[in-house]
Number of protein chains: 2
Amino acid sequence: MMVIEQPTTQQLAHWLKVLAEPRRLQILNLLMAGVQCNCELGEQLALAPNLISHHLSVLRKAGLVEVERDAADARWVYYAINRPNLEVLNTAFAAFFDPGRIQARQPSCGPQATVVPDDLITVGCDS
Amino acid sequence: MMVIEQPTTQQLAHWLKVLAEPRRLQILNLLMAGVQCNCELGEQLALAPNLISHHLSVLRKAGLVEVERDAADARWVYYAINRPNLEVLNTAFAAFFDPGRIQARQPSCGPQATVVPDDLITVGCDS
DNA sequence: GATATAATTCAACTGTAGTTGAAGCATTGT
DNA sequence: ACAATGCTTCAACTACAGTTGAATTATATC
């Protein structure tokens with residue numbers, strides 16, 4: 001099972017994109033509630049099986065969902081939440097959208113800009 | 001200032017869609033860091049001012065960003081995070097993607113389905 | 001081996017949304 | 001009044017991604 005260790009902002013953006021599709025969000029929601037095979041999902045969402053398959057594939061490639069075949073009858077496929085990655089996602093979202101991160105405006109532009117006086121500008125190698 | 005009181009799953013999906021655009025996510029990130037006027041954002045993201053304006057408008061309509069004009073020179077526009085709504089968003093995300101919500105599979109389909117025996121099915125008005 | 005079932009894959013279509021480049025608006029300075 | 005600044009709006013273009021409907025795969029049953 002692929003586990004994302006340290007999610008970058010890019011990874012975060014990708015997850016957001018994957019989850020921004022309403023049907024996929026519903027699928028994830030149903031998976032979390034314990035529903036798990038293609039036919040059930042399709043029934044509950046009134047969606048053709050190929051579409052369910054497609055969206056599940058996107059969720060799987062994003063590492064949010066795992067797949068498993070029935071031991072007795074391998075025609076049946078069961079999907080499940082990739083818990084470790086969901087934990088990473090949840091933590092990453094909470095950190096990124098934490099209101100505590102909000103900084104007061106630092107005007108470096110416009111009438112209220114805090115301009116560095118010319119005689120304080122030094123020419124150096126620290127770029 | 002518009003404040004979202006009780007976010008629905010639909011509202012959540014809409015926020016996800018708005019944030020799924022990489023440049024918008026970057027803009028939100030910069031706003032949280034204290035950068036706030038169109039020109040600054042455009043400079044840091046190497047993006048044309050009309051695009052910044054467009055994306056900010058989307059963020060504003062989603063209730064994630066507030067706008068204010070400079071008191072001294074009204075040509076300058078400052079954008080800021082809508083803190084109350086970000087708090088709602090953060091809480092809603094944390095709740096929705098909480099791994100603790102994950103339920104064990106309840107097979108109602110496939111070989112392992114827990115079928116209700118015929119003699120236990122009652123005919124009533126409780127639909 | 002032939003048929004049925006559960007799911008996946010494929011090519012073609014379509015609609016949405018980000019981009020482009022130009023015009024427009026509000027405000028300020030000369 | 002005129003030009004400049006900062007930003008917004010607009011119509012046309014383009015690309016990506018969800019949908020559609022059919023074909024394909026894999027497994028199981030007769």
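Bear in mind that the values in this text are calculations on the coordinates, not laboratory data. Quick caveat, the model's predicted, so the values are computed rather than measured. As a convention, Cβ positions derive from the backbone with ideal geometry for all residues, glycine included, and neighbour counts pool all protein chains shown.
Each other copy holds its own label point for B:V3; taking that point as 7 Å from Cα along Cα to Cβ, the gaps run 4.1 nm, nearest first. The rotation axis taking chain B to chain A passes closest to the C-beta of one chain B residue; that residue and the distance in whole Å read B:A20, 2. Placing a label point 7 Å from the Cα of A:C39 along the Cα-to-Cβ direction, the distances to the matching points in the other copies come to 6.5 nm, shortest first.
Quick check: from the Cα gyration tensor, does the protein assembly as shown come out rounded (a/c under 1.5), prolate or oblate? Could the numbers behind the result be given before it?
Working: a/c = 3.27, a/b = 2.35, b/c = 1.39.
Here the protein assembly as shown falls in the prolate category.
Among B:I102, B:I4, B:I27, B:I81, the order by Cβ neighbours within 10 angstrom, fewest to most, reads B:I102, B:I4, B:I81, B:I27.
Per the Cauchy relation, a quarter of the hull surface: what is the mean projected area of the convex hull of the alpha carbons in region A:9-99, in nm²?
About 6.3 nm², averaged over all directions.
The dipole here belongs to chain A: it is taken about the Cα centre, uses +1 on the Cβ of Lys and Arg and -1 on the Cβ of Asp and Glu, and is about 340 debye. Between identical copies, the spacing of B:L51 label points, each set 7 Å from Cα toward the C-beta atom, reads 3.2 nm from nearest to farthest.
Per-residue mean of other chain beta-carbon atoms within 10 angstrom of the beta-carbon, peptide B:93-104? Write down the numbers at each step before the final one.
Values: counts 7, 6, 1, 7, 14, 5, 11, 3, 5, 8, 6, 3.
Whole-number average of other-chain Cβ neighbours for B:93-104 is 6.
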